[in-house]
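None of the figures in this text is laboratory data; all of them are computed from the coordinates on show. Remember, predicted model here, so these are calculated numbers, not experimental data. We place every Cβ from the backbone using ideal geometry, glycine too, and count neighbours over all the protein chains shown.
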Ligand SMILES: C[S@@+](CC[C@H](N)C(=O)[O-])C[C@H]1O[C@@H](n2cnc3c(N)ncnc32)[C@H](O)[C@@H]1O
């Protein structure tokens, strides 16, 4: 690099290191020396550097005033001085090179140590990396195990939920079964009660039959007993109910009576639950089938449902109908015209009906006394009591008719399961007072069971509208 004089002067002023000067004028070739070690060793307190710097400083100090001189001699002198210092600097440079060598050796050693350390750390690093990889692997394995356990648990949870659902359903089903079983047990108990009662009744019947056979040999007691057996049999036969149901559907289905469906449903319930059940119509059908009544008396006919069953079995029967035709009784109006019309349909001819209209508590005594313009039969084959449903009203009707049934004939009484209603009038006829212990129509009925031991009583104990039958033995 060649500098102009001004450039050289400026650089010297800035303190640049000038280590070589040539004698060619007017420009001076100089060699710029940069020591790479200096930069890296500035922090060392090496005396060689300060010595070199001092020498250089002296060169500059010496050369600087000479540069201001213009004579060749001065320049020459300056060059000589510079040379001298340059030699010293070169010597020092050699020392410095030696120092460099040491330094380089140190550097190499340190670098070597560093490399070794690096190697160690690298190995450690590799080891750590391996450990890390192993850890990662373990983590992945754990995660996978966790995921699979999670899946297993989730499946188990799902299975448990399904099981719970099934168990809940099973519990509900078993609860329904339990209820049904309880119902069945209840029905079976009722049936058992009934059978026990029936057994008791049959024993009583047998006892009475024996007494009857010995005491009144003129009466055909065995035929009555046989009839009682057949009555019981038919009452328990669902086919009997089916016949009654069919005839009800045939003659009364579209008769405008709101109670019609209730009766049909009751029949269906009895079939479904298989319980012994007989209402007033079924009883009338059975007794009419076996007795074939010629003289029939009915208190309470309304629209003719029970009367119809009698006439289906005994169309020739002479019927005495006692009704006061209460306005819309149980939501349906009864009338003689309607009853006559219906019975004509059933018999296909003119039925033998006598209507005794009015309150039975008055008309019955008058009728039996022959004060109704009709000569009453001495006795009846069959009598139905289904009029006044008050306790006293039923008591009076039963009181009046019980003595009017022939031996081998029967009495029918409706609604044993009914608590009764208020008595709607005062009777002018004298009868025995009704015991105050009577609380239901069944109680009324049982009063007559006690009063008439010559009758066999067959009562219904199931469902609603339970009917009672009493057959006269002697
Ligand atoms: C339950 S209904 C009769 C039902 C009928 N046995 C049947 O099976 O369709 C009662 C009837 O008795 C009549 N009745 C109520 N109290 C009476 C009384 N003291 N004297 C006469 N009839 C009465 C009513 O007018 C009604 O027609």
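Would you mind getting me the FRET efficiency between residue 154 and residue 327? Use the beta-carbon distance for r and R0 = 60 Å, nearest 0.05.
Values: r = 74 Å, r/R0 = 1.24.
So, using R0 = 60 Å, E works out to roughly 0.20.
With r defined as the distance between the Cβ atoms of residue 108 and residue 133 and R0 fixed at 35 Å, what FRET efficiency is calculated, to the nearest 0.05? Walk me through the intermediate numbers first.
Working: r = 35 Å, r/R0 = 1.00.
Rounded to the nearest 0.05, the efficiency is 0.50.
How do the peptides 450-459, 138-147 rank, highest first, by the average count of neighbouring beta carbon atoms within 10 Å per residue?
Values: 450-459: 17.0, 138-147: 10.6.
The most tightly packed comes first, giving 450-459, 138-147.
Would you please put 180-189, 309-318, 347-356 in order of how densely packed they are, using the mean number of other Cβ atoms within 10 angstrom per residue and starting with the highest?
Those peptides, ordered most packed to least, come out 309-318, 347-356, 180-189.
Starting from 0.36 nm per residue, how many nanometres of slack lie between residue 174 and residue 94 once their C-alpha separation is accounted for?
17.6 nm is the gain from fully extending residue 174 to residue 94.
When the chain is fully extended, how far beyond the present Cα-Cα distance does residue 187 get from residue 428, taking 0.36 nm per residue of separation?
Values: separation 241, 0.36 × 241 = 86.76 nm, distance 4.49 nm.
My answer for the length gained is 82.3 nm.
Pairs of Cα atoms under 8 Å, at least six residues apart: use those to get the relative contact order of region 370-427, whole percent.
44
Once you order the gyration tensor axes a ≥ b ≥ c over the Cα atoms, which shape class does region 354-396 get: rounded for a/c under 1.5, otherwise prolate or oblate by comparing a/b with b/c? Intermediate results must be reported in sequence, preceding the final value.
Working: a/c = 2.06, a/b = 1.50, b/c = 1.38.
Cα axes put region 354-396 in the prolate bin.
How would region 316-474 be classified by its alpha-carbon gyration tensor: rounded, prolate or oblate, with rounded meaning a/c under 1.5 and the a/b versus b/c comparison settling the rest?
On the way: a/c = 1.37, a/b = 1.28, b/c = 1.07.
Here region 316-474 falls in the rounded category.
Only counting other Cβ atoms within 10 Å, I'd like 62, 375 sorted with the fewest neighbours first.
Fewest to most other Cβ atoms nearby, the residues stand as 375, 62.
Ranking request for peptides 157-167, 249-259: highest mean number of other beta-carbon atoms within 10 Å first, then the rest in descending order.
On the way: 157-167: 10.2, 249-259: 13.4.
Sorting 157-167, 249-259 by mean packing, highest first, produces 249-259, 157-167.
Neighbour counts of other C-beta atoms within 10 Å: give me 371, 58, 342 arranged from fewest to most.
371, 58, 342
Mean separation of Cα pairs under 8 Å and 6+ residues apart, divided by the residue count of region 220-472: what relative contact order is that in percent?
On the way: 429 pairs, mean separation 48.4, N = 253.
Dividing the mean separation by the residue count of region 220-472 yields 19 percent.
Between residue 162 and residue 115, what length in nm is gained on full extension when 0.36 nm per residue of separation is reduced by their alpha carbon distance?
10.2 nm
Say a paramagnetic label sat at a point 7 Å from the Cα of residue 406, along Cα to Cβ; which residues of region 286-300 have their backbone N under 20 Å from it?
286-299
Just grab the label-to-label distance for residue 236 and residue 199, each label 7 Å out from Cα along the Cβ direction, in nm (one decimal).
Result for the modelled spin labels: 1.2 nm.
Can you sort 473, 226, 372 from fewest to most other Cβ atoms within 10 Å of each residue's own Cβ?
Ascending Cβ contact count within 10 Å gives the list 226, 372, 473.
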